[in-house]
Structure formats: structure tokens, C-alpha cells
Amino acid sequence: MGDSRRVGVAVDFSPCSRKALEWAVNNIVRKGDHLILVTVRPEGHYEEGEMQLWQTTGSPLVPLSDFSEPHLMKKYGVNPDPETLDIVATASRQKEITVLLKIFWGDARERVCESIDKIPLDCLVIGNRGLGKIKRVIMGSVSNYVVNNATCPVTVVKIHE
């Protein structure tokens, strides 16, 4: 792709993932890059054929113009928040980048790691919820798993409260 890079940001549309997205836009993304938001939905019994078709490969890359439309995103089971949409729309205009969304279904830890090779990504930015030690042991940390299993450089953006 020449000078263009594929910068991934793992998002779940929480304040933590918004912070990671802002950090990526302010510190990594440059003119001509592709900013790819990677989101993972829980596994479920989806009726629609498209979701069954994409269960293993993930959705097609969804352009910003489409994932800004609530009625189009409803079929994916994704509801991007207004703040995230504002961040990526502004970045797209100001930095002259292409913004895309890729949706996977399943375990977030595994699917984020798989997205690195499937898309493929040059680097990934992920937020850290700041779980305590006990919760991290019980629930598992997505960012910790990704850092230890990813095949590209990973930046973890911590939330300071």
C-alpha cells in the first residue's frame, strides 16, 4: 500500500474505547492512512443469513458513510455512539484518511487477534478498562490477551480516572 497504513482500533463504543480512538487519531494516524475500527459482537443465534455468512470471516469493511447510518447498522447489531462517530468523521475530514468498520462475532480476545491477520493491520490500538486484579483473573483482560498474542505492534491506552 505504499505510504498508506492500516491502523486498527478495537472499539466497543465505551468511554475506554473512545479514549483509545482519540489517542490513535492524535498520535498515530496520518494523511492517507486507513483507520479501521474493529468491533466484536457476542456470539448469538442470528436469524439473518448475512450474519451467519459473516460469522467466521467477519463483516465486509463498512465505510464511514454506512456506519454513520443507524438503520444500516441495525442489521449488524451494532450501535455506534455519537461521540465515536464525531471523532472519526472529524479525523476523516481533517487528516484525509479513510475510515472503515469491521465487525466480528465471538470471543473478543480471539477475534481481535484474528482481525490483525484477516484485514490485515499494521498496528492496533486498544483501550484498557483498568480491571482490578481479581476481576482480571476471573473475567480475563482483552488487552492483556491481545498484547501477548497479536502479530503486530499493539498500543494499550489506559484510562486514568
- Message: Taking the Cα of ASP81, stepping 7 Å toward and past its beta carbon, and measuring to each backbone N in the stretch 143-159: which are under 12 Å?
- Response: none
- Under 12 Å from the Cβ of VAL40, count the other residues' Cβ atoms, weight Lys and Arg +1, Asp and Glu -1, and hand me the total. -1
- Query: What fraction of the DSSP beta bridges in the chain is antiparallel, stated in percent and rounded to the nearest 5?
  - Reply: 10
- Task: Return the calculated 222 nm mean residue ellipticity for the chain, to the nearest 500 deg cm²/dmol, obtained by summing -39500 (n - 2.57) across DSSP H runs with n ≥ 4 and dividing by the residue count.
- Result: -11500 deg cm²/dmol
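Give me the net charge of ARG93's neighbourhood, meaning all other residues with Cβ under 13 Å from the Cβ of ARG93; Lys, Arg count +1, Asp, Glu -1. Numbers along the way, then the final one.
Numbers: positive: LYS31, LYS95; negative: ASP86, GLU96.
My count for the surroundings of ARG93 gives 0.
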- Shape descriptor, the chain: equivalent ellipsoid semi-axes (Cα gyration tensor, sqrt 5λ, whole Å, largest first) stand at 22, 21, 16
- Message: With a 1.4 Å probe and all protein chains left in place, how much accessible area per residue does the chain have, in Å²?
- Response: 55
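Given a 1.4 angstrom probe, I'd like the percentage of the accessible area of the chain that is carbon and sulfur, rounded to a whole number.
The value for the chain is 50 percent carbon and sulfur by accessible area.
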- What number, in percent, do you get for the relative contact order of the chain if the mean sequence gap of Cα pairs under 8 Å and at least 6 apart is divided by its residue count? 33
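The values are calculated or read from the model by the stated rules, or taken from the named source; none is laboratory data. Since we're looking at a predicted model, the values are computed, not measured. Glycine also receives a Cβ, built like all others from the backbone with ideal geometry; neighbour counts cover every protein chain displayed. Side chains included, ligands, DNA and RNA excluded: accessible areas come from the protein's heavy atoms. Shrake-Rupley method; radii C 1.70, N 1.55, O 1.52, S 1.80 Å.
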